[in-house]
Amino acid sequence: MRDRLMKIIPGIFIVTSVLLGMYVNENWYWFTVFVGANLFQSGITNWCLLERILYKAGVKNEGEGCRVK
């Protein structure tokens, strides 16, 4: 579940911040940049703040999801 949430949550943040940037205030695009920078950083360092937050919140990493065996 944690693996799926680590893909869903940034996706929601990016889509929401782009829509807010288009319709509310263009400064919301900075949030999109922040999420993208965190994804870039986690890809390089293999450390993700969202993963730590989900772990501390008690979200378990169970099941295979849509992975093919």
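FYI, it's all coordinate maths here, none of it is from the lab. Because the structure is predicted, anything quoted here is derived from the model rather than measured. Positions of Cβ are backbone-derived with ideal geometry, glycine not excepted, and every protein chain shown enters the neighbour counts.
In a DSSP loop and with at most 12 other Cβ atoms within 10 Å, the chymotrypsin sites (Phe, Trp or Tyr not before Pro) in the range 8-47 are Trp47.
Taking a point 7 Å out from the Cα of Val59 in the direction of its Cβ, the residues of the range 1-27 whose backbone N falls within less than 14 Å of it are 1-14.
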